[in-house]
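Remarks on the structure that follows.
The values are calculated or read from the model by the stated rules, or taken from the named source; none is laboratory data. In this text the structure is predicted, and so the values were computed from the model without any measurement. In this analysis, Cβ positions are derived from the backbone assuming ideal geometry, glycine residues included, and neighbour counts consider all displayed protein chains.
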Amino acid sequence: MNTNRDNRGKFISVAAAEILQKADETSAIAVMLQKKAEKLIEAENEPPAWLKSLILALAVEVGVTVEEFSSRIKIVHPTPTDPVLLLDGKTVLCWV
């Protein structure tokens, strides 16, 4: 007996239920990555507006998980006016 339902309560196939579940998991991961990125840029005095979007895009594109985020992505300041975005200890982006 099919007991899978969508968010409106309609019966759906097992495959459709699995797709909905994966979509929910993906959304939850995106929210957690966004929180990690926000925490990372909070330390910046005057971060560029595009920085959070860039960090999120980078994390998603290279497959950084929420658990790995803090250990793989960092912002360092060799000089106060020259912050650098690092991925796995390697420079990905530098801005002034």
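Could you please tell me which pairs satisfy a Cβ distance under 9 Å, a separation of 6+ or placement on different chains, a first residue in the stretch 68-92 that is on the phi > 0 side of the Ramachandran plot and acidic (Asp, Glu), and a second residue that is part of a strand (DSSP E or B) and surrounded by 10 or more Cβ atoms within 10 Å (Cβ to Cβ)?
The qualifying pairs are 88/73.
Among the listed residues 51, 56, 87, which satisfies the condition of being more than 12 Å from residue 34 (Cα to Cα), in contact with a helix residue (DSSP H, G or I) (Cβ under 7 Å, 6 or more places away or on another chain) and either at pLDDT below 85 or surrounded by 12 or more Cβ atoms within 10 Å (Cβ to Cβ) (or both)?
Values: 51 fails: more than 12 Å from residue 34 (Cα to Cα); 56 fails: more than 12 Å from residue 34 (Cα to Cα).
So the residue among 51, 56, 87 that is more than 12 Å from residue 34 (Cα to Cα), in contact with a helix residue (DSSP H, G or I) (Cβ under 7 Å, 6 or more places away or on another chain) and either at pLDDT below 85 or surrounded by 12 or more Cβ atoms within 10 Å (Cβ to Cβ) (or both) is 87.
Pick from the stretch 5-41 the residues that are under 30 Å from residue 75 (Cα atoms) and in contact with a helix residue (DSSP H, G or I) (Cβ under 8 Å, 6 or more places away or on another chain): which of them is surrounded by the most Cβ atoms within 10 Å (Cβ to Cβ)?
So, considering only residues that are under 30 Å from residue 75 (Cα atoms) and in contact with a helix residue (DSSP H, G or I) (Cβ under 8 Å, 6 or more places away or on another chain), the one surrounded by the most Cβ atoms within 10 Å (Cβ to Cβ) is 37.
Quick one: in the stretch 59-84, which of the residues that are in contact with a strand residue (DSSP E or B) (Cβ under 9 Å, 6 or more places away or on another chain) and closer than 13 Å to residue 33 by Cβ is surrounded by the fewest Cβ atoms within 10 Å (Cβ to Cβ)?
62
Does any residue of the stretch 8-27 turn out to be within 9 Å of the chain's Cα centre (by Cα), closer than 30 Å to residue 91 by Cα and either at pLDDT below 80 or of a type outside the set (Phe, Trp, Tyr) (or both)?
Within the stretch 8-27 (the criterion being within 9 Å of the chain's Cα centre (by Cα), closer than 30 Å to residue 91 by Cα and either at pLDDT below 80 or of a type outside the set (Phe, Trp, Tyr) (or both)), the answer is no, since none of the residues qualifies.
With respect to residue 64, is the statement that it is at pLDDT 80 or above and either over 23 Å from residue 77 (Cβ atoms) or small (Gly, Ala, Ser) (or both) true?
For residue 64, the condition - at pLDDT 80 or above and either over 23 Å from residue 77 (Cβ atoms) or small (Gly, Ala, Ser) (or both) - is not met.
Kindly indicate the residue of the stretch 6-34 that is among the β-branched types (Val, Ile, Thr) and in contact (Cβ under 8 Å) with a residue 12 or more places away in the chain and also nearest to residue 58 (Cα to Cα) among those meeting that condition.
Result: 29.
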